[in-house]
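Values in this text are rule-based calculations from the coordinates and carry no lab data. Everything quoted here is computed from the prediction, not taken from an experiment. Cβ atoms come from the backbone with ideal geometry, glycine included; neighbour counts cover every protein chain shown.
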Amino acid sequence: MTNKTRVAVLVSGFGSNLQAFIDGAQNSSLPIDIVGVISNVEGAFSLDRARNAGIPNQCIPHGQFPDREIFDQALLTQLDKWQPELVVLAGFMRILSSNFVDRFKNRLINIHPSLLPDYTGLNTHQRVIDAGEQWHGSSVHFVIPELDAGPVIVQGKLQVHNDDTAETLQQRIHIIEHQIYPLAIQWFAEDRLNVTKKGDVLLNNLKNTDQLITFNI
Ligand code: GRF
């Protein structure tokens, strides 16, 4: 029997990506144990999802800490109790200090709703529409101290429709995310991800798998 990868998930909100991981772990399509969920927002629905699945969960409200470093230290203290091999940011709306990021070098991943390196930062769906882009998507990447800039693991893309709004784009991007984020976690769990010195992510033993997937949705 292979050991399951210990995964901790950091969230702030609705948690539909977290739910995709929970479902994958429960139906054994993802070889992971979700060892804990932390939310920085009290009452976040993500915490209900964790609770309903019987996953240890903790709310650590950032507002109760005098600065980012001390908040991040509280996160680290909780994570140390769970000993995750991989930390997954899933709609976690806080910038992490380089101290935190360095602790989990190449073991900390995020999903950003754009085709990185384009459209870092917030409000990506509206900005993509305003710029008249033909394509939009989402990217799973390793986290480095610079925001939305780490090595990309996998991207999913879709065509922007003439009548798309930020809301319709967000809905279709979520469909993509619920497939590419579990896929990236699976690759990590199977030890298939290698980060080169140049900062590219290479896949071991996955010759036919594309790291840029086009969705017809
Ligand atoms: C996702 O769209 C992700 O790209 C962004 O935050 C959103 C989180 O959604 N970082 P959910 O909380 O997983 O539903």
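Students often forget the sequence filter, so: which aspartates and glutamates lie under 13 Å Cα-Cα from Lys4 once same-chain residues fewer than 8 apart are removed?
Asp33, Glu85, Glu190, Asp191
Semi-axes of the equivalent ellipsoid for segment 111-217, please: Cα gyration tensor eigenvalues, times 5, square-rooted, ordered largest first, whole Å. Can you show the working numbers first?
Details: eigenvalues 126, 48, 23 Å².
Whole-Å semi-axes of the equivalent ellipsoid: 25, 15, 11.
With n ≥ 4 as the cut-off for DSSP H runs, can you work out [θ] at 222 nm for the chain, using -39500 (n - 2.57) per run divided by the number of residues, rounded to the nearest 500?
That comes out to -10000 deg cm²/dmol.
Using 0.36 nm per residue of separation minus the Cα-Cα distance, give me the extension gain between Glu69 and Ala149 in nm, one decimal.
Details: separation 80, 0.36 × 80 = 28.80 nm, distance 2.07 nm.
Full extension from Glu69 to Ala149 adds 26.7 nm.
Counting only GluC sites (Glu not before Pro) that sit in a DSSP loop (anything but H, G, I, E, B) with at most 13 other Cβ atoms within 10 Å, what is the longest stretch of the chain containing none of them? Don't skip to the answer; put the middle values down first.
Details: sites that count: Glu42, Glu146.
In short, 43-145.
Placing +1 on the Cβ of each Lys and Arg and -1 on the Cβ of each Asp and Glu in segment 1-104, which of Leu75, Asn27, Ala44 has its Cα farthest towards the positive end of the resulting dipole?
Toward the positive end, the furthest listed residue is Asn27.
Measuring from a point 7 Å past the Cα of Lys197 along Cα-to-C-beta, which residues in segment 90-123 have an amide N at less than 20 Å?
Label zone hits: 105-106.
How high is the relative contact order of segment 14-152, in percent, counting Cα pairs under 8 Å that sit 6 or more residues apart? Write down the numbers at each step before the final one.
Values: 185 pairs, mean separation 24.2, N = 139.
Relative contact order for segment 14-152 comes out at 17 percent.
Which order do the peptides 117-125, 4-12 take when ranked by the mean count of other beta-carbon atoms within 10 Å per residue, highest first?
Details: 117-125: 15.2, 4-12: 22.3.
So the order, starting with the most tightly packed, is 4-12, 117-125.
Between Ile217 and Asp48, what is the label-to-label distance in nm when each label sits 7 Å out along the Cα-to-Cβ direction?
2.2 nm
Running a GNM on the chain with Cα contacts under 10 Å, which residue among Asn40, Asn57, Asn27 ends up with the highest mean-square fluctuation?
Maximum fluctuation in the GNM of the chain, among the listed residues, is at Asn27.
Run the quick spin-label model on Gln159 and Asp210: label points 7 Å from Cα toward the beta carbon, then report their separation in nm to one decimal.
Going by the 7 Å Cα→Cβ label model, 1.4 nm.
Roughly how many nanometres apart are two label points built 7 Å out from the Cα toward the Cβ at Cys59 and Asn3?
3.4 nm
Whole angstrom only: what separates the Cα centroid of segment 53-101 from the Cα centroid of segment 13-46?
Distance between centres, Cα-based: 15 Å.
Are there trypsin sites (Lys or Arg not before Pro) in segment 149-209 that DSSP puts in a loop and that have at most 12 other Cβ atoms within 10 Å, and which ones?
Details: sites: Lys157, Arg172, Arg192, Lys197, Lys198, Lys207; in loops: Arg192, Lys197, Lys198, Lys207.
Counting only loop positions with at most 12 other Cβ atoms within 10 Å, the trypsin sites (Lys or Arg not before Pro) in segment 149-209 are Lys197, Lys198, Lys207.
Can you give the translational diffusion coefficient of the chain in µm²/s, computed by Stokes-Einstein from the Kirkwood radius over Cα pairs at 4 °C and 1.567 mPa s?
Working: Rh = 17.7 Å.
D = 73 µm²/s.
Sequence neighbours fewer than 8 away in the same chain don't count; with that in mind, list the aspartates and glutamates whose C-alpha is under 18 Å from Lys198.
Hits, sequence-local ones excluded: Asp102, Glu146, Asp148.
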